[in-house]
Amino acid sequence: QTFKYTASSNQTTFTGSDANSVTLAYTAGAIQVFLNGILLDASDYTASNGTSVVLGSGAGSGDILYVASYKGTNPLDYFKNNNF
């Protein structure tokens, strides 16, 4: 499931209803976060409570944040852990 948010100036916390009125919910460790189409490293944000994503530095006004939530194990972990 994906969630889309449009940031306000220096926004760091993304939570609640997204642009499509879907409430953010995820399993910690089973998400990927994209800012303006670029996959963020897990060290660039905090996502531990299942209901919010907090960026380490503020997004710019109009930036697009996508959160991709996975059921079970993140499918890309296989590639990260096997030196592909």
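A short reminder: the numbers here are calculations on the coordinates, not readings from a lab. Because the structure is a prediction, the values reported are computed rather than measured.
Going from the alpha-carbon gyration tensor of segment 1-78, what semi-axes, largest first and in whole Å, does one get by taking the root of 5 times each eigenvalue? Provide the component values of the computation, followed by the final result.
On the way: eigenvalues 71, 38, 24 Å².
After scaling each eigenvalue by five and taking roots: 19, 14, 11 Å.
Residue by residue through segment 52-58, which ³J(HN,Hα) values in whole Hz follow from phi under the Karplus form 6.51 cos²θ - 1.76 cosθ + 1.60 (θ = phi - 60°), with glycine and proline marked x?
Per residue, the Karplus-derived 3J(HN,Hα) values read 8, 10, 10, 6, x, 9, x Hz.
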